[in-house]
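What follows is a set of notes on a single structure, which appears directly below.
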Amino acid sequence: MPRASRSTPEELAPAPFPTIASDDPVVEVARKFAIALKAETDASTVRAVAEACDLNHATLLAVIKGRTWPDMLTIAKLERGLGKDLWPGRE
């Protein structure tokens, strides 16, 4: 049975994603994660970060733009490959 589709962070957050904070705490985690990831790609390039983390650059762009939810594999590869925490944690 296929999994039901779900809205993306971009669809659930105020536009434009990720610049405006969300009242939804789960969307806010995705937004903060996207901001942290964007900062890493601004310091280098999306393709360089993707290569260093053994990921497809399109995956990184989709996460940064809020077009997809990052899965655990993607988060783990990014944090390990970059040597830093991107997950915003609880506040």
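Every read-out reported here was derived from the displayed coordinates using simple, explicitly stated rules and does not represent laboratory data. Bear in mind that the values here come from a model prediction, so they are computed numbers and not experimental data. Reconstructed Cβ throughout: ideal geometry from the backbone, glycine too, with neighbour counts over all protein chains shown.
Condition first: touching a Cys at 6+ places or on another chain (Cβ under 9 Å) and β-branched (Val, Ile, Thr). Now tell me which residues in region 32-88 satisfy that.
Result: Thr74, single match.
Six or more apart or on different chains, Cβ atoms under 6 Å: show the pairs whose first residue is in region 42-69 and touching a residue at least 40 places away in the same chain (Cβ under 8 Å) and closer than 27 Å to Pro14 by Cα and whose second is in a helix (DSSP H, G or I) and aromatic (Phe, Trp, Tyr).
That search, which allows pairs on different chains as well, returns nothing.
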